[in-house]
Structure formats: C-alpha cells, structure tokens
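A.B. asks: The following block contains the structure, expressed as structure tokens.
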Protein chains: 2
Amino acid sequence: MIQNLTEHDRENLQESLAKSGQKVTPQREAVFTVLLADRDHPTVDEVFNRAREVMPGLSLATVYNCLETFVGCGLVRQVNHERESTRYCPNLAPHAHFRDKETGRVHDIELPADVIKSLRSILPPGFDSEAIEISFLGRAQGGDAHPTL
Amino acid sequence: MIQNLTEHDRENLQESLAKSGQKVTPQREAVFTVLLADRDHPTVDEVFNRAREVMPGLSLATVYNCLETFVGCGLVRQVNHERESTRYCPNLAPHAHFRDKETGRVHDIELPADVIKSLRSILPPGFDSEAIEISFLGRAQGGDAHPTL
DNA sequence: GGTTAGATTTTGAATCATTCTAAACAGGGA
DNA sequence: TCCCTGTTTAGAATGATTCAAAATCTAACC
C-alpha cells in the first residue's frame, strides 16, 4: 500500500532537488515515496521491488541513480553495516543506528546534542569532524517497543 | 622492513589462536607480523602485498583466511567505511576511527570509558548492545600530530 | 508544431571485493 | 608408515555496485 506523497513531502523533494539543479521526475517521486512509506532502512533491492509495484517499468539502475541523487542533496542517508548491502534512511535528524544481530533489522536511536558534543570533544586538536557515525550491534527485545522510525 | 614478532606478540598470537583450537602457521605469523609492523589500517590487498615480500608464495585466499581467523579470535578488528574494502586494525583498546576525507587515512581515536557509558545510556530499554562502532569523517591537519598508533 | 540541448532513464556489460570449492599439503599421533 | 584433521592454494563463482551507450523525456526556443 504505497500512499502518495503529502503536499509537504512533495515540496521538500522538489526544493531539495532544485537546490542542486535537478528536477522531480516520476521515478524520483516513486522512489522517494517508497522510502517514506516504510522507514525500515531498505536496501536498494527492497526499494526496487517496492517501487516496481507502482511503476513496473522502473529499472534497477534508476533506483541506484535516484538514491545517489537523494544522498547528494541531503534527502536521505546511507546506512552501512560491514560490507552488507547499503541501506537507505530518510530520517534526517541526528541519530545513531542499532542493528539487531538476530533479525538484521536496523533501528534509529535518537542522539541528544550533549552526547554528540561529548563525542566531538574526544578528538585531539587538528581533527575537524564533519560527520559522526555511530552504530550499535546487539539484540533488541520486543521488536516494536521502539518503532523503527 | 618487516621485523619479526617480539616474544610477547608471538605468545599473544599463539595463545589467542589456541583458545579457539587453532595453530600458529608460518602464513598466520607472516600476516600477523605485517599487521603489527605498520598500523595504518591496511586493506587485504595491502596486507597481501606486504606479506608477499617476505613469503612470496602466499596466496590471497590465505590472507583472507588468516584475517578472518584473527578477527574470530579477537586479535584484530575490521574497520569499514561505507562500502570500501575492509581494513584491519590490531589495536585492541576501545577506540573510535577518524577517517580523513582527503587522504583516506584512518586514525585511531582513544575512547574514554565515560564517553562509552554516556553512549550506552542513550539506548532505550530493551536494547542490549554488545559492540559500538564510532567513526568520524573529516579532515585531519598535520597528518602525524596523532600518529595512527 | 518542430527542433535542439540537456538531463534522465534504461539495458546490459563490466568491475571489484569477497567467498566458495575442490584439490594439494603438512604435521602429529596410532 | 598411514591416517586424520586443519591449512593452504588456485581458480571459479557470487553479488552489490558502477559504467557505457543508446533511447527517452522535457523545456525552451524558434
């Protein structure tokens, strides 16, 4: 059941693309819609399959292209775990990831500003960090206690 | 210039392997020696090339095997950045990684216990974490201010 | 309406790190 | 010596991702 984009999301898409001189296309809209529909950090393949349901002619390469474009204009983040397939996450707020060893599912963990600050403070002088990535590996009980948002 | 293992390192190798019922072999010793010689987080290929200098017949598959074995018995850690080749790190103390955007080099950053604790504390109840991975991305000035340990 | 330029999409081939497979090898007991 | 088991080896296979080139689309201009 893939809903259409809300007015707000569509504008967000259109503006973010415009900022880097790019346009909204039906494919990009479809891929973006899929990402927002289920925030379960899908792989490219999962996005591809879901988007196909609504746009059967869509090609895998296009999904790669769209996702790369979105990452480029800051609409989504990549999530990697070791060398497994890259996953995609439309949550823009600063957050860490928790990967469940058993299920492989990735959960978002809110990241308070003071924790970020204390992390940055461990860098010796001369190290300028633009981005921090934090991921936990372990077991999450009661899977849905903290929905995968 | 690849030195031999120190008495201490050799014992460490031998004991760690023994714990999981495995033996020291010339290949494992060579690979381990390479890892300790330059702690610059080499890729498998780099390890392979360095180890070849001292053991010309060594095969790439064996390097993969050795490194996997070492990871399995806790002698080394894998370091991943996005989907680039996996790198290997013989630093066992808890530490974060800082990846220099320009050079691609990875630096170890000491990780104080209290920072680890504050990180663990952001996990909602029900999330049990066994491992945390932290990596910074940015620019490190004066490359060797904090040697790659 | 037709034309052109530029971006976007598509298909299929290519790449590259890693894993797998099956055969050769080594070394320590029986 | 002969097994047994673990290890190494070479090469094939895998799988995610990227690339290349042709096809398509869109918007702007005439």
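The values are calculated or read from the model by the stated rules, or taken from the named source; none is laboratory data. On a predicted model such as this, the values are computed, not experimentally measured, just so you know. Using ideal geometry, Cβ is built from the backbone for each residue, glycine included, and neighbour counts are taken over all protein chains shown. The area values use the complete protein model at the heavy-atom level, side chains included, leaving out ligands, DNA and RNA. Shrake-Rupley method; radii C 1.70, N 1.55, O 1.52, S 1.80 Å.
A.B. asks: Leaving ligands, DNA and RNA out of it, rank B:Thr86, A:Thr25, B:Thr6 by accessible area with a 1.4 Å probe, largest first.
C.D. replies: B:Thr6, A:Thr25, B:Thr86
A.B. asks: Sticking with this structure for a sec: Go through segment A:132-139 residue by residue and turn each phi into a ³J(HN,Hα) via Karplus (6.51, -1.76, 1.60, θ = phi - 60°); whole Hz please, and just put x for glycine and proline.
C.D. replies: 10, 10, 10, 9, 9, 10, x, 10
A.B. asks: Now a separate question. Which value, in Å² and to the nearest 10, is the accessible area of B:Phe70 when all protein chains are kept and the probe is 1.4 Å?
C.D. replies: 0 Å²
A.B. asks: Add -39500 (n - 2.57) for each DSSP H run of 4 or more in the protein assembly as shown, then divide by its residues: what number comes out at 222 nm, to the nearest 500 deg cm²/dmol?
C.D. replies: Helix contribution divided over all residues of the protein assembly as shown: -11000 deg cm²/dmol.
A.B. asks: Would you report the distance distribution of C-alpha pairs in segment A:14-85 as whole percents per 5 angstrom bin, up to the bin with the largest distance?
C.D. replies: Answer for segment A:14-85: a P(r) of 3, 17, 29, 25, 17, 7, 2 percent.
A.B. asks: How much accessible area is lost when chains B and A come together, counting both sides, with a 1.4 Å probe, in Å² rounded to the nearest 100?
C.D. replies: In total, this chain pair buries about 3300 Å².
A.B. asks: Here is a follow-up. Please report, in Å, the Rg and the Dmax of segment B:88-130, where both are computed over Cα atoms only.
C.D. replies: 13.5, 40
A.B. asks: Place a point 7 Å from the Cα of A:Asp128 along the Cα-to-Cβ direction; which residues of segment B:96-119 have their backbone N under 19 Å from it?
C.D. replies: Answer for this model: B:98-107.
A.B. asks: On to the next question. In segment A:7-79, with Lys and Arg counted as +1 and Asp and Glu as -1 at Cβ, which of these residues, A:Leu75, A:Ala18, A:Val44, has the Cα nearest the positive end of the dipole, that is, farthest along it?
C.D. replies: Value: A:Ala18.
A.B. asks: With all distinct Cα pairs included, what does the Kirkwood hydrodynamic radius of chain B come out to in Å, to one decimal, could you say?
C.D. replies: Final number for the Kirkwood radius of chain B is 16.8 Å.
A.B. asks: Might you work out the accessible area of B:Tyr64 for me, using a 1.4 Å probe with all protein chains in place, and round it to the nearest 10 Å²?
C.D. replies: Ignoring ligands and nucleic acids, B:Tyr64 comes out at about 120 Å².
A.B. asks: For B:Cys73 and B:Ser20, compute 0.36 nm times the residue count separating them, minus their Cα-Cα distance, and round to one decimal in nm.
C.D. replies: Once the chain is fully extended between B:Cys73 and B:Ser20, it gains 18.4 nm.
A.B. asks: Within the set of other residues whose C-beta is less than 12 Å from the C-beta of A:Tyr88, count the net charge using Lys and Arg as +1 and Asp and Glu as -1.
C.D. replies: For residues surrounding A:Tyr88, the net value is -1.
A.B. asks: Can you give me the angle between helix B:60-72 and the longest principal axis of chain B, using Cα atoms only, in degrees from 0 to 90, rounded to the nearest 10?
C.D. replies: With both axes taken from Cα atoms, the answer is about 50 degrees.
A.B. asks: Continuing with the same structure: Which order do B:His8, B:His97 take when ranked by solvent-accessible area (1.4 Å probe, heavy atoms of all protein chains), largest first?
C.D. replies: B:His8, B:His97
A.B. asks: Hey, got a sec? Which trypsin sites (Lys or Arg not before Pro) in segment B:1-62 land in a DSSP loop and have at most 12 other Cβ atoms within 10 Å?
C.D. replies: B:Lys23
A.B. asks: What average count of beta carbons from other chains do you get within 10 Å of the Cβ of residues in A:119-125?
C.D. replies: 6
A.B. asks: Please give, to one decimal in nm, the separation of the simple spin-label points placed at A:Asp45 and B:Asn91, each 7 Å out from Cα toward the Cβ.
C.D. replies: 3.5 nm
A.B. asks: Follow-up question, since we're still on this one. Could you tell me which of A:Tyr88, A:Pro125, A:His8 has its Cα farthest along the dipole of chain A towards the positive end, charges placed at Cβ (Lys, Arg +1; Asp, Glu -1), taken about the Cα centre?
C.D. replies: Comparing the listed Cα positions along the dipole, A:Pro125 ranks first.
A.B. asks: Tell me, which longest segment in chain A has none of the GluC sites (Glu not before Pro) that fall in DSSP loops with at most 13 further Cβ atoms within 10 Å?
C.D. replies: That gives A:1-52 as the longest site-free run.
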